[in-house]
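The values are calculated or read from the model by the stated rules, or taken from the named source; none is laboratory data. All values derive from a computational prediction rather than experimental measurement. With ideal geometry, Cβ positions are generated from the backbone for all residues, glycine too; neighbour counts draw on all protein chains shown. Surface accessibility is based on the protein's heavy atoms, side chains included, excluding ligands, DNA and RNA. Shrake-Rupley method; radii C 1.70, N 1.55, O 1.52, S 1.80 Å.
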Amino acid sequence: MRYAPRNEPFFTRGGWLALAAFAFIALILLPSLYAFVPEGNPLHVSAYTVTLVGKIMCYAIVAMAMNLIWGYTGILSLGHGVFFALGGYAFGMYLMRQIGREGQYQSDLPDFMVFLDWKKFPWYWTNSDSFLWCVALVILVPALLALVFGFFAFRSRIKGVYFSIITQAMTFAFMLLFFRNDTGFGGNNGFTDFKRVLNYPITVPTTRAVIFGLTALALVGTIFLTRYLIRSKIGRVLTAIRDSESRLMFSGYNPLGYKLFVWTLSAVLCGIAGALYVPQVGIINPSEMSPANSIEIAVWVAVGGRGTLIGPLLGAGVVNGAKSFFTQAFPEYWLFFLGLLFILVTLFLPKGIVGAISLAKWRRR
């Protein structure tokens, strides 16, 4: 039975110092340089940089969530994009209600509902003007979907490639559903043109800095939660499920509850990441549920190193940083680069960047 590697950088003194430096930069330094240092000053951080880093931190939370279910439990999900998008839509409903009568049609209804001749909000928009209710939806909607889906899938002992295929089918079905105009979620365009959050203008630097800081806080919390889980008895059972589920069952454990727990927790983390992503990027639409996006999440984890604590963070940062560069410099070649990166990692770095670093250190001893 394999356990989480104890020689990961995060478990060393240097790893703790790196985490402290990241927390200082993300929670204090970057938001302060963006919000309080005037433009034109060499130390000023642009809104583009804050948005890009904030977006990558949201993706890093999703990668950590994927690592819990794939890296430590051995269950490859190709449908995590749907949990991310559902969290984004849940909080996006609140942001749309905050627009009020400042839309193009000056109606209490969002512009897309007025355009489609809707007369009132559908029932599932009830209380969507409440911040706390929508925050609860961010957690409850992905959790409920994951709980129901996971219960039937795990109880039927669906695993391996079959589980990956049905999760891919799930996210594709949700994408098609949300593309329809009659679902009440904006159809192809989704939600955009947000104005305020908690009555604070959303484009004001101090508001954006606070959202950025909350994202950094959520990422650090996810790291500590993952570390706690993998060092606990639950984490050891999860790795036992990954390495030999039949042997675990022979020892008297029922893996259903453990798999259901980590699967649901992973979905909730994706929903929180989606809710933090929407106010920073300013849009949520059905493309976030596309099968390609869910596959890309798996690529982040594979590149960084699945089954390691900081591997998904590195993978999300490296792949999305490269994506931002290539989509600007060579937009037509981005998908080729992503495919080539995945092939090279699979062939030469089967344990990702962190695995390669650990192997190099071991060989030097």
### Query
How much of PHE336 can a 1.4 Å solvent probe reach, expressed as accessible area in Å² and rounded to 10?
150
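Determine the dipole magnitude for the stretch 1-152: charges of +1 sit on the beta-carbon of Lys and Arg, -1 on that of Asp and Glu, nothing else is charged, the reference point is the Cα centre, and the result goes in debye to the nearest 20. Provide the component values of the computation, followed by the final result.
On the way: 8 positive and 7 negative charges, 97 e Å.
Around 460 debye, computed over the stretch 1-152.
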### Query
Per-residue accessible area for THR126 at 1.4 Å probe radius, Å² rounded to 10?
80
### Task
For LYS55, go through the aspartates and glutamates and keep the ones whose alpha-carbon is under 16 Å away, minus same-chain ones fewer than eight residues off.
GLU288, GLU296
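Give, in nm to one decimal, the length gained when the segment between SER32 and TRP133 is fully stretched (0.36 nm per residue of separation minus the Cα-Cα distance). Don't skip to the answer; put the middle values down first.
Details: separation 101, 0.36 × 101 = 36.36 nm, distance 3.02 nm.
The SER32-TRP133 span can extend by a further 33.3 nm.
Quick one: if the Förster radius is 45 Å, what FRET efficiency do THR203 and LEU340 give, using the C-beta to C-beta distance and rounding to 0.05? Spell out each step's value before the answer.
Numbers: r = 37 Å, r/R0 = 0.83.
Efficiency for this residue pair is about 0.75.
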### Message
Let me make sure I get this right: for the chain, a, b and c are the square roots of the gyration tensor eigenvalues over alpha carbons, sorted descending. Under 1.5 in a/c it's rounded, otherwise prolate if a/b > b/c, else oblate. Which is it?
### Response
oblate
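What is the gain in length, in nm to one decimal, between SER287 and ALA356 on full extension, counting 0.36 nm per residue of separation less the C-alpha to C-alpha distance?
Numbers: separation 69, 0.36 × 69 = 24.84 nm, distance 3.35 nm.
Working it through step by step, the gained length comes to 21.5 nm.
I need the calculated FRET efficiency for the pair ASP117 and GLU39, taking r as the beta carbon distance and R₀ as 41 Å, to the nearest 0.05.
Details: r = 44 Å, r/R0 = 1.06.
For R0 = 41 Å, the calculated efficiency reads 0.40.
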### Query
Could you give the nm distance between label points at SER246 and TYR48, where each point is 7 Å from its Cα heading toward the beta carbon?
5.6
### Query
Mind checking which lysines have their C-alpha under 16 Å from LYS159, skipping anything on the same chain fewer than 8 residues away?
LYS259
### Query
What angle do you read, to the nearest 10 degrees and between 0 and 90, between the alpha-carbon axis of helix 205-231 and the longest principal axis of the chain?
30
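Quick check: at a probe of 1.4 Å, how many percent of the accessible area of the chain sits on carbon and sulfur atoms?
Its accessible area is 67 percent carbon and sulfur atoms.
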### Query
Taking the simple approach of a point 7 Å from Cα along Cα-to-Cβ for both ASN254 and ILE165, what is their distance in nm?
2.9
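How much length, in nm to one decimal, is gained on full extension between ARG363 and LEU225, taken as 0.36 nm per residue of separation minus their Cα-Cα distance? Walk me through the intermediate numbers first.
On the way: separation 138, 0.36 × 138 = 49.68 nm, distance 3.13 nm.
Roughly 46.6 nm would be gained on extension.
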#### Entry: Cα→Cβ-extended label distance, 7 Å offset, between TYR124 and VAL210, nm
3.0
### Task
Quick one: dipole size for the chain, taken about the Cα centre, charges +1 on Lys/Arg Cβ and -1 on Asp/Glu Cβ, in debye to the nearest 20.
1740
### Query
Under 28 Å from the Cα of LYS119, which lysines turn up, not counting those fewer than eight places away in the same chain?
LYS195
### Query
With contacts defined as alpha carbon pairs under 8 Å and 6 or more residues apart, what's the relative contact order of the chain in percent?
32
